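S.K.: Quick one: structure below, then a few questions.
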Amino acid sequence: MKTNKPLLKANNVGIHFGGLKALSGINVELNAGELVGLIGPNGAGKTTFFNLLTGVYEPTEGSIVLDNEKLNGLAPYKITRKGISRTFQNIRLFGELSVLDNVKVAYHSLARHSIFSSIFRLPSHFSGEKEIEEKAIEFLKIFNLESFMYEKAKNLPYGQQRRLEIARALAAHPKLLLLDEPAAGMNPQETRELMNLIAFIREKFQLTILLIEHDMSLVMGVCERIYVLDHGQLIAHGTPEEIRNNPKVIEAYLGEEVS
Ligand SMILES: Nc1ncnc2c1ncn2[C@@H]1O[C@H](COP(=O)(O)OP(=O)(O)OP(=O)(O)O)[C@@H](O)[C@H]1O
């Protein structure tokens, strides 16, 4: 459910790589439960922003705050534990592992049973394993992937690999889910189904979602608000209607489809 409670604040965030200012002066606020789009032409800095939010890069200026806690400088796995999960533009599954194990891996990163109990195979290890497996299967059901659970991830068709990546990200119990072009490479039918699924999981898991997507009809159709990046700067922010009619956005996308 959409709220006015701030979950994430990026305050004046920037990063440079040597002489290249990939992002500067970025102010983004996400309220709990919102589904927000992040768009912009190629090379605008969208994935770099995700890399900042997830600790892959540390901002060279500004601060990133999740639930009143500053994230700057935290390692990616710590940020995952604080509640930010993501998917990648190029799918990054463990191809040789089963579909089920791909989701279980995400649970293991949060599991309550200790390494000690795992090494010595204590009862708590087995009950922990069983619980993880049951939860992982629940997720696979939501994503219609349970009939493939023993298949190697690399053997799934492309659209299902994308869905599995989202399932795995969700298994880490995020408050904020970052989706980097989740519909890339999907056909129109798969894209429509994916959008319905994203809307569904947002409601079911009370998630906040930030979505990078090149398919404008998709972004305009599902997002409540949209931020637009161009050349490392935010050039616009507003409702889909406001963004569609914003002259700066139209100029940035000159030659590309905006509606
Ligand atoms: N590690 C890095 N070292 C140097 N430059 C980088 C690095 N990461 C990103 N950049 C640069 O930052 C800029 C923004 O790249 P980014 O991948 O974030 O854009 P994008 O909006 O996600 O593009 P696309 O839509 O094509 O995926 C580009 O000029 C890119 O070359």
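The values are calculated or read from the model by the stated rules, or taken from the named source; none is laboratory data. Predicted, not measured: the structure shown is a model, and the values here were computed from it. A quick note on method: Cβ atoms are made from the backbone with ideal geometry, for glycine too, and the neighbour counts reach across all protein chains shown. Areas reflect the complete protein model, heavy atoms only, side chains present, ligands, DNA and RNA absent. Shrake-Rupley method; radii C 1.70, N 1.55, O 1.52, S 1.80 Å.
S.K.: With the condition kept exactly as written, say whether any residue in the range 158-167 is free of Cβ contacts under 8 Å to residues at least 24 places away in the same chain and within 16 Å of residue 143 (Cα to Cα).
M.R.: Yes, some residue in the range 158-167 is free of Cβ contacts under 8 Å to residues at least 24 places away in the same chain and within 16 Å of residue 143 (Cα to Cα).
S.K.: Which numbered condition in (1) of a type in the set (Gly, Ala, Ser); (2) more than 18 Å from the chain's Cα centre (by Cα); (3) surrounded by 18 or more Cβ atoms within 10 Å (Cβ to Cβ) is the only one that residue 183 fails?
M.R.: (2)
S.K.: Sticking with this structure for a sec: Name the one entry in 235, 250 that is over 15 Å from the mean Cα position of the chain (by Cα), within 16 Å of the ligand (Cβ to nearest atom) and either at pLDDT 90 or above or part of a helix (DSSP H, G or I) (or both).
M.R.: That would be 235, the only listed residue that is over 15 Å from the mean Cα position of the chain (by Cα), within 16 Å of the ligand (Cβ to nearest atom) and either at pLDDT 90 or above or part of a helix (DSSP H, G or I) (or both).
S.K.: Sticking with this structure for a sec: Determine if the range 64-72 includes at least one residue that is more than 16 Å from the ligand (Cβ to nearest atom) and in contact with a Cys (Cβ under 8 Å, 6 or more places away or on another chain).
M.R.: Taking every residue of the range 64-72 in turn, none turns out to be more than 16 Å from the ligand (Cβ to nearest atom) and in contact with a Cys (Cβ under 8 Å, 6 or more places away or on another chain).
S.K.: Could you please find all residues in the range 25-65 being in contact (Cβ under 8 Å) with a residue 60 or more places away in the chain, surrounded by 19 or more Cβ atoms within 10 Å (Cβ to Cβ) and part of a strand (DSSP E or B)?
M.R.: 26, 28, 30, 35, 36, 37, 38, 39
S.K.: Now for a separate question. Hey, can you tell me all the residues within the range 1-24 that are within 16 Å of the ligand (Cβ to nearest atom), open to solvent by less than 30 Å² (accessible area, probe 1.4 Å) and either out of contact with any Pro (no Cβ under 7 Å at 6 or more places or on another chain) or hydrophobic (A, V, I, L, M, F, W, C) (or both)?
M.R.: Answer for the range 1-24, where residues must be within 16 Å of the ligand (Cβ to nearest atom), open to solvent by less than 30 Å² (accessible area, probe 1.4 Å) and either out of contact with any Pro (no Cβ under 7 Å at 6 or more places or on another chain) or hydrophobic (A, V, I, L, M, F, W, C) (or both): 10, 13, 15, 22, 23, 24.
S.K.: Which one of these does residue 88 not meet: (1) more than 16 Å from the ligand (Cβ to nearest atom); (2) among the aromatic types (Phe, Trp, Tyr); (3) within 18 Å of residue 210 (Cβ to Cβ)?
M.R.: Unmet for residue 88, out of (1) more than 16 Å from the ligand (Cβ to nearest atom); (2) among the aromatic types (Phe, Trp, Tyr); (3) within 18 Å of residue 210 (Cβ to Cβ): (1).
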